[in-house]
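Peer 1: Quick one: the structure is below, questions incoming.
Throughout, read-outs are computed from the coordinates displayed, never taken from laboratory work. Just so it is clear, the model here is predicted, and its values are computed rather than measured. Don't worry about glycine lacking a Cβ; one is built from the backbone with ideal geometry, like all the others, and counts go over all protein chains shown.
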């Protein structure tokens, strides 16, 4: 049996600028935000495919994806609020952050409304076209709000340099 040297991890190389081994909640926002960006439109798309292919069971999968997307959106909003805390001093950046937060909050609230509004339909397995159509349209509206939120978040990063570190 050939013995291989064990890989040693230098914790100093893995440490964040604060000296912590794990990232702060602020550092998680760019990672967390991609979950709702993917899961919410995927859920709405799966619902549309379920209508097109007349597959009721796909609506349940779409709803499960919606639940995960809403949890991801909640985590993204919380981490985004924490990440923005150090940037409020600059009036221009503060105004841009406020716009991004307003869009994010509206997106999250409407996503929760869709989540709770569809819940009785899934509990009763009353997944008819007529009952789901309005909720699918509302889900598409959430996706549009999410994309607008992403636009304003991108403006913060690329326009103002928010969240960009120069330490490599």
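Peer 1: Could you work out the pair-distance distribution P(r) of segment 38-159 from its alpha-carbon pairs, with 5 angstrom bin width and percents rounded to whole numbers?
Peer 2: Distribution as computed: 2, 11, 21, 21, 14, 10, 8, 6, 4, 2, 0 percent.
Peer 1: While we're looking at this one, here's another question. Once you keep just the Cα pairs under 8 angstrom separated by 6 or more residues, what percentage relative contact order results for segment 38-159?
Peer 2: Rounded, it is 32 percent for segment 38-159.
Peer 1: Listing 86, 155, 101 from the residue with the fewest other Cβ atoms within 10 Å to the one with the most, what is the order?
Peer 2: 86, 155, 101
Peer 1: Obtain the nm distance between the two label points defined at residue 82 and residue 151 by a simple spin-label model: each point lies 7 Å from its Cα along the Cα-to-C-beta direction.
Peer 2: The two pseudo-label positions are separated by 3.0 nm.
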